[in-house]
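Asker: Dumping the structure here so I can ask a few things about it.
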Amino acid sequence: MTAPPAKERARPSARAALRAYAAHHRRRAPGEPRAVGLLYVLPALVLYALFLLVPLGQTVWLSFLDWDGLTAASWAGFDNYRELATDPALRAPFAHALVLLFFYAVLPVALGLLLAAALSRFRVRGMTFFRTVLFLPQVLAMVVVGVAWRSILAPDGLLNDVLRAVGAGGLARSWLGDYTWALPAVGVVGTWVETGLCLVLFLAGAQRIPRELYEAARIDGAGAVREFLTVTLPGLRGEIAVALTLTIVAGLRNFDLIYITTSGGPGNATSVPAFEVYRRAFEVNEVGSAAAMGVALTALIFGLTVVVARLVEGRTS
Amino acid sequence: MSFRREEGAAGRRPFRTPDSRTPGARSARTVHARSPRTARSRTVAAVALALGTALLGAACVPGTDGSGAGPAGGGGATAVPDPAKAGKVTLTVWDQEVRGGQNAEIEQLNEEFQEKYPNVRIKRVARSFSDLKTTLKLALSGNTPPDVVQANQGYADMVAFAKAGMLTPLDDYAGLYGWNSRYPNTLLDLNRVSADGRNFGTGRLYGLSQTGEYIGVYYNKDVLDDAGVELPRTWAEFTDALPKLKKAGELPVQFGNLDKYPAIHTFGVLQDQAADSPAQIRDTILGKGGGFDNEATERAARTLADWADQGYLPDGANGTGYDDAAKKFAGGDGAFLVTGTWQLADLKKQMGGKLGFMPPPPAQADGPLRTTGGQGLAWAVTSKSRHPDVAAAYLEHLTDAHAADVMTGEGVLPAVPGKAADRVPKDSPDGQMVRAWERLNEDDGMIPYLDYTTPTLFDTLSADLQGVIEGSLSPERLRSKMQDEYAAFRAEQGEEKESADGGTDR
């Protein structure tokens, strides 16, 4: 990606001639996009605008209204946003979402790196099998995942059965019904889902890292940790950025899992913004407030992905 | 019908939006660098586009101002409509009767209606309760809404629809068809909304319910026998039976509250029993009572917390699903199950002769009954329907004496039981259910679902009751929280009313 194209260095005279020829025919600098390019993207742009930008604009518009979804709306100005900032009941879902990000993004990326480093160091028999199994949660619909975990985490579900079988019955609890443990329990499901994705991404990335770098590191006397830090980690920078972006987005717009497993309970211990948007728009007829929350969520996702792109991937524009 | 009460895990819809998981972010880097000028102009264009679309949305204020409301009394009908003379009509009907017996009963009645009036074709759209709830609002706002819809009672649905002028008042038809005398007032009132669209339980009639439902007590005869516990005949005997069952090593009351709403029903029953009179709670729910700052509310919460604490409810009830709890009860785990009549058909299928059903036992043996309950979703006629007369005739067909017998045949509890209901064996669970329903109406003991009280009480109460069961929210606190919510909503309604009346009223 970073190596300069060979032909640019070769034969400067030929390049100059080519440039003169091009300048004669077009007044535009080479490589600058031409207007006709817009025509090519027009069909996609129209679809994008119709199904994404227009609804987004409408959502922003709705967020400035006080509307029950049926009767005439009235202008609310920034009231919905002010409420979002001041009402603890509206702020809590965002706090929960940030906690979930640890389980949805940080943990899967860390676990994925660890596994990828281990797997790229040792040859494992049946690698394809393990990769498939670990990636499987990604293929399942989130609803299926939710239903399955709901029964695993039930008071007499698989998890508690296992705990009791190994003599740790004292730890057994009603995971999804416990005020302290419901959020981490839902988070662990997210970790389970996202780890496979991260692992597969990192494994693919690790295969592209030149073997020579590892050899050089080993000759220099690097151990496993040193090798990981100086070769694997920098080599996977791009993959880490992709993995973080995908998992952060998945974590923040988490709706289906909450809807299936806890409905935001117990109390409101696991309510998240996406679930709250649905609840407000469809159940309590507060469309304006729901829209404001949706806009805030969009802004949060956008902001975090930009941060990831800048800090992790190192992109500056 | 209570908010979301039918929503089991099985009925839930996948909500996952299509993923855009193409790792395109990286490839963007390899695209050759653009000149700064074009990059900036592109940004400008994107912002302009976003603003443009926002303004596009701004061109209209969404919603109606209620001017579409039909004339008071509904269409000015003066004679019993005759659909046969209506010409060729297609009646679009949206309902949520998708479960076994209910679905069969509706299909049969639809068939009969079309046979009776060959010029009428019924286009039925059946969806699950939660599907209907989330799509109905949009459908009603459109220009060609369905003719007949099933609307959920309460502020969030029926009152909001009536306020927006989307439903036709049925009072004229009620007079012509005699609906007012067919139904007990307590039931009919739940389908009424005041003319200004602010209160429900009073005012114009906007719908008819076909079925009845209430919270009762299911019991497992074998479990009671094994524990040597007699079937309780009074409420005191019922509560005394719980420690006895516990001592005998049985789970007294099966209960699963992961879905949050089941506790509202259990709490409702406890509150009904603790109340001075059914009217005390009912009036508050309908917005004309003294609120929840009373002994009954606190005592009910204390009982619920106590049941959880003493182990009369299963451990970790907040983490067990509603359907799972019913399944466990059917499998012999638990002596009692306090839930709605809608579970009867399923439980009977699984438990056969072991299953018993009774209303919550009265204070004195054979005394007046009281419980939480009401009726199925209301069948309503939309104000934009071009065939209100045919729609009204359809409502009549769905709720008349013959329809009641069809429902009984399918194991569904009709709001007004007919002759067929008398032939159901008295000591069978079905017979108990029908008899108790009739007695509840005679005794005036029906108390509507608590979540009708305010648009948001369903959410706050279901969340708070999980806290009560966990022990983290005290009964006193629940009492004051419920009262605060009630008072805030009443104040809001009063304020709105005052500004609407120019401050002359109140």
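Asker: If you place +1 on the Cβ of every Lys and Arg, -1 on the Cβ of every Asp and Glu, and leave all else neutral, what size is the dipole of chain A about its Cα centre, to the nearest 20 Debye?
Answerer: Using only the charged Cβ atoms, the result is roughly 2000 debye.
Asker: Kyte-Doolittle cut-off -1.0, length cut-off 30 Å along the helix's own axis using Cα: show which whole DSSP H helices in chain A pass.
Answerer: Counting only whole DSSP H runs, the qualifying helices are A:182-208, A:287-311.
Asker: Using label points projected 7 Å from each Cα along Cα→Cβ, tell me how many nm separate residue B:85 and residue A:125, to one decimal.
Answerer: 8.8 nm
Asker: Where does each of B:456, A:86 land when they are ranked from fewest to most other beta-carbon atoms within 10 angstrom?
Answerer: Placing the least packed residue first, the sequence is A:86, B:456.
Asker: Here is a further query. So, with +1 on the Cβ of K and R and -1 on the Cβ of D and E, and no other charges, what is the size of the charge dipole of the protein assembly as shown about its Cα centre, to the nearest 20 debye?
Answerer: Here the size comes out at about 6020 debye.
Asker: Of the options A:88, A:119, A:297, report the single residue whose Cα projects farthest towards the positive end of the charge dipole of region A:80-311 (beta-carbon charges: Lys, Arg +1; Asp, Glu -1).
Answerer: Result: A:119, furthest along the dipole toward the positive end.
Asker: Rounded to the nearest 500 deg cm²/dmol, what is the calculated helix-only ellipticity per residue at 222 nm for chain A, with -39500 (n - 2.57) per DSSP H run of length n ≥ 4?
Answerer: -19500 deg cm²/dmol
Asker: Determine the shape class of region B:381-492: with a ≥ b ≥ c the square roots of the Cα gyration tensor eigenvalues, call it rounded for a/c under 1.5, and otherwise prolate if a/b is greater than b/c, oblate otherwise.
Answerer: Verdict is oblate for region B:381-492.
Asker: Using a basic spin-label model with each label point 7 Å from the Cα along Cα→Cβ, how many nm lie between residue B:295 and residue A:209?
Answerer: If labels sit at residue B:295 and residue A:209, their model points lie 7.4 nm apart.
Asker: Which Cα, out of A:224, A:109, A:171, lies furthest along the positive dipole direction of region A:80-311 (beta carbon charges, K/R +1, D/E -1)?
Answerer: A:224
Asker: Taking θ = phi - 60°, what integer Hz values does the Karplus form 6.51 cos²θ - 1.76 cosθ + 1.60 yield along region B:136-148, in sequence order, with x for Gly and Pro?
Answerer: 4, 4, 5, 5, 5, 6, x, 7, 10, x, x, 7, 10
Asker: Other chains near A:255-265: what is the mean number of their Cβ atoms within 10 Å of each residue's Cβ?
Answerer: 5
Asker: Can you work out the Karplus-derived ³J(HN,Hα) for every residue in region B:353-358? Use 6.51 cos²θ - 1.76 cosθ + 1.60 with θ = phi - 60°, whole Hz, and x for glycine or proline.
Answerer: x, 6, 7, x, 9, 8
Asker: Let me ask something else. Nearest 0.05, what FRET efficiency do residue A:99 and residue B:240 give at R0 = 51 Å with Cβ-Cβ as r?
Answerer: Plugging the Cβ-Cβ distance into 1/(1 + (r/R0)^6) gives 0.70.
Asker: Once both labels are modelled 7 Å past Cα along the beta-carbon direction, what's the residue B:487-residue A:44 spacing in nm?
Answerer: It is 6.0 nm.
Asker: Take the Cβ-Cβ distance between residue B:123 and residue B:495 as r, set R0 to 41 Å, and report the resulting FRET efficiency rounded to the nearest 0.05.
Answerer: That pair, residue B:123 with residue B:495, gives E of 0.45.
Asker: Can you work out ³J(HN,Hα) from phi for every residue in region B:242-253, in order, using Karplus 6.51 cos²θ - 1.76 cosθ + 1.60 and θ = phi - 60°, giving whole Hz and x for Gly and Pro?
Answerer: Working through the residues one at a time gives 4, x, 4, 5, 4, 5, 7, x, 9, 7, x, 10 Hz.
Asker: Given B:356, B:326, B:403, which one lies farthest toward the positive end of the charge dipole of region B:299-451, if we put +1 on the Cβ of every Lys and Arg and -1 on the Cβ of every Asp and Glu?
Answerer: Final value for the positive-end residue is B:326.
Asker: Could you pull out every residue, at least 5 positions away or on a different chain, whose amide H is within less than 5 Å of the one on residue B:413? Hs are placed 1.01 Å off N in the peptide plane, and Pro or chain starts have none.
Answerer: Distant-sequence amide H within range of residue B:413: B:212.
Asker: Once you've got the GNM for chain A with C-alpha springs shorter than 10 Å, pick whichever of A:293, A:127, A:142 has the biggest mean-square fluctuation.
Answerer: Maximum among the listed residues: A:127.
Asker: Okay, moving on. Mind running the shape call on region A:39-180? Use the C-alpha gyration tensor, a ≥ b ≥ c as the square roots of the eigenvalues: rounded below 1.5 for a/c, prolate if a/b tops b/c, oblate otherwise.
Answerer: oblate
Asker: From the Cα gyration tensor of region A:80-311, with a ≥ b ≥ c the square roots of its eigenvalues, which class applies: rounded if a/c is under 1.5, or else prolate if a/b is larger than b/c, or else oblate?
Answerer: oblate
Asker: What FRET efficiency do you get for residue B:222 and residue A:166 if R0 is 30 Å and r is their Cβ-Cβ distance, rounded to the nearest 0.05?
Answerer: Step by step, r from the Cβ atoms, then E = 0.30.
Asker: While we're on this one: With +1 on each Lys and Arg Cβ and -1 on each Asp and Glu Cβ, how big is the dipole of region B:150-264 about its Cα centre, in debye rounded to the nearest 20?
Answerer: 320 debye
Asker: Have a look at A:63, A:271, A:120 and tell me which one the Gaussian network model of chain A (Cα, springs below 10 Å) gives the largest fluctuation.
Answerer: Maximum among the listed residues: A:120.
Asker: Fewest to most neighbouring Cβ within 10 Å: what's the order for A:283, B:115, A:194?
Answerer: Result, fewest neighbours first: B:115, A:283, A:194.
Asker: On to the next question. Residues with amide H under 5 Å of residue A:69's amide H, sequence separation 5 or more or different chain, H placed in the peptide plane at 1.01 Å from N; which?
Answerer: So residue A:69 has HN proximity to A:287.
Bear in mind that the values in this text are calculations on the coordinates, not laboratory data. The model shown is predicted, which means the values in this text are computed figures rather than measured ones. Methodologically, a virtual Cβ is constructed for each residue, glycine included, from the backbone with ideal geometry; neighbour enumeration extends over all protein chains shown.
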